[in-house]
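Visitor: This structure is in structure tokens; I'll ask about it shortly.
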Amino acid sequence: MRISSADIIVTSPSRNFVTLKIVTEDGVVGWGDATLNGRELAVASYLSEHVVPLLIGRDAHRIEDTWQFLYRSAYWRRGPVTMAAIAAVDMALWDIKGKAAGLPLYQLLGGASRVGLHTYGHASGRDLPELFDSVRATLEEGHRSVRIQTSIPGVRAVYGVASQAQSTGERYDYEPAGRGSQPAEEDWDTGAYLRHLPTVFEAVRNEFGSELPLLHDGHHRMTPLQAARLGRSLEPYDLFWLEDCTPAENQRALEVVRRNTITPLAIGEVFNTIWDFQHLIQAQLIDYVRAASTHFGGVSPLKKIMDFAAQYQIKSGFHGPTDVSPIGFAAQVHVGLAIHNFGIQEYMLHSSLTESVFDQGMTFVDGFLHPSDRPGLGVEVDEEAAAAFPYQRAYLPFNRLPDGTMHDW
């Protein structure tokens, strides 16, 4: 099973994706996701200029050895560009191994631990009536848990509110990165947010009852003390989790949050390696691991971190919006189906244009997501369709406070 070729496909159906195609000497094709939102070409170049030349002639079955080689031989390692490139290779090799065995990936990881994955969908609104309509639509799609995001009085634009216009004038149901030469500037007021959000959750609970699992994403915008205050103020509304409540570079910041609230915490979508989680898991400062296969080095480290987390009764909550391609998403759905300590899976539908490029075998029935029983990852790429959507430069927005200070978006 020697690797004979590897190619990078950059395509932009609704948003930019970077896909790695690995082919073995006997014609088996493996696909991997290397998408890094807003920095896609950096990963494409890393792959084409530095990684692909190292793959030709290697044994495709030696997944762990190849992962360690790409990680350790770079010397200056880690970081989102390096880890997204390694992730693409890792996924593609698992895809090849599954196809060679005639088995879906989850069977190679130990088999299914459940019939399907419990998901949560996204609901948002500029006001309560719009938010309530969005919650109802999300439940009608089949989700049994709902993430709640809302506009804030006095703030023009807020992450996660799909109906607000981007700089392009479009909704960002599929992609908050605005296409163009410069990122969009948005505003932020933490005090207004902390005052308003509990009133929104009170209204949602009054409208939809106490049993619907509700989630919220703070998107790294609070200090540890502000995050603790929010977690405590949301305790009466029994959140499933509060996500990314404070910037995660300082892992000990979560100690302040944990000491001051019993609201469950999820974090990790911007993490790149298992070492980023080490203290958080050992000190039991979080309840859910938010890592994404594409930014975390692929299937292999995702399975390892969840085995480590299982010792501390910490569950998965893998990142799953549309900046993870259908390939990367399928990879983590397979992991979620196989591991014992699965928690919940974020699930956001891709656009119809994206679906025309990526053929997914995945199913979503009666509120449960399944990766399919196709061999490997279960996703194939229509290269002709991909070529019809060339790359377009796009940037995620950034925030400034009322006095003009740069702030986390």
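The values are calculated or read from the model by the stated rules, or taken from the named source; none is laboratory data. All values derive from a computational prediction rather than experimental measurement. Cβ placement follows ideal geometry from the backbone for every residue including glycine, while neighbour counts extend to all protein chains displayed. Ligands, DNA and RNA are excluded from the accessible area calculation, which covers all protein heavy atoms including side chains. Shrake-Rupley method; radii C 1.70, N 1.55, O 1.52, S 1.80 Å.
Visitor: Set the Förster radius R0 to 56 Å, insert the Cβ-Cβ distance between S210 and E383 as r into 1/(1 + (r/R0)^6), and round the FRET efficiency to 0.05.
Guide: Efficiency computed from Cβ-Cβ geometry: 0.70.
Visitor: Another question, if that's okay. Can you tell me, using C-alpha contacts under 8 Å and at least 6 residues apart, the relative contact order of the range 176-308 as a whole percent?
Guide: Dividing the mean separation by the residue count of the range 176-308 yields 18 percent.
Visitor: Which part of the range 380-395 falls in the paramagnetic zone of L41, meaning amide N under 15 Å from the point 7 Å along Cα-to-beta-carbon?
Guide: Residues passing the 15 Å test: 390-395.
Visitor: Here is a follow-up. What accessible area per residue comes out for the range 118-227, rounded to a whole number of Å², with a 1.4 Å probe?
Guide: I get 42 Å² per residue for the range 118-227.
Visitor: Taking the solvent-accessible surface of protein heavy atoms with a 1.4 Å probe, what is the per residue accessible area of the range 264-303 in Å²?
Guide: 24
Visitor: Counting just the Cα atoms, what span does the range 1-109 cover along each of its three principal axes? Round to the nearest Å and put the largest first.
Guide: For the range 1-109, the Cα spread along each principal axis is 36, 35, 25 Å.
Visitor: Still on this structure: So for the chain: antiparallel DSSP bridges make up what percent, rounded to the nearest 5?
Guide: 55
Visitor: Let me ask another. If you roll a 1.4 angstrom probe over the protein chains with everything in place, what fraction of the accessible area of the chain belongs to carbon and sulfur, to the nearest %?
Guide: Using a 1.4 Å probe with all protein chains present, the chain comes out at 50 percent carbon and sulfur.
Visitor: On a 0 to 90 degree scale, rounded to 10, what angle separates helix 190-208 from the longest Cα axis of the chain?
Guide: For helix 190-208, the angle is close to 90 degrees.
Visitor: Among 35-42, 63-70, 293-300, what's the highest-first ranking by average C-beta atoms within 10 angstrom per residue?
Guide: Put in order of decreasing packing, that is 293-300, 35-42, 63-70.
Visitor: To the nearest Å, what is the center-to-center distance of the range 95-126 and the range 236-280, using C-alpha atoms only?
Guide: 25
Visitor: Using only alpha carbon pairs under 8 Å that are at least six residues apart, calculate the relative contact order of the range 41-128 and give it in whole percent.
Guide: 29
Visitor: Still on this structure, please answer the following. Mind listing the phi-derived Karplus ³J(HN,Hα) values for the range 297-308, rounded to whole Hz, using 6.51, -1.76 and 1.60 with θ = phi - 60°, and x for any glycine or proline?
Guide: After applying 6.51 cos²θ - 1.76 cosθ + 1.60, I find x, x, 5, 4, x, 5, 5, 5, 5, 6, 5, 5 Hz.
Visitor: Please compute the per residue accessible area over the range 1-75 with all protein chains in place, 1.4 Å probe, rounded to a whole number of Å².
Guide: Per-residue value: 40 Å².
Visitor: Quote the relative contact order of the range 258-395 in percent (integer), defining contacts as alpha-carbon pairs under 8 Å separated by 6+ residues.
Guide: In percent, rounded to a whole number, it is 18.
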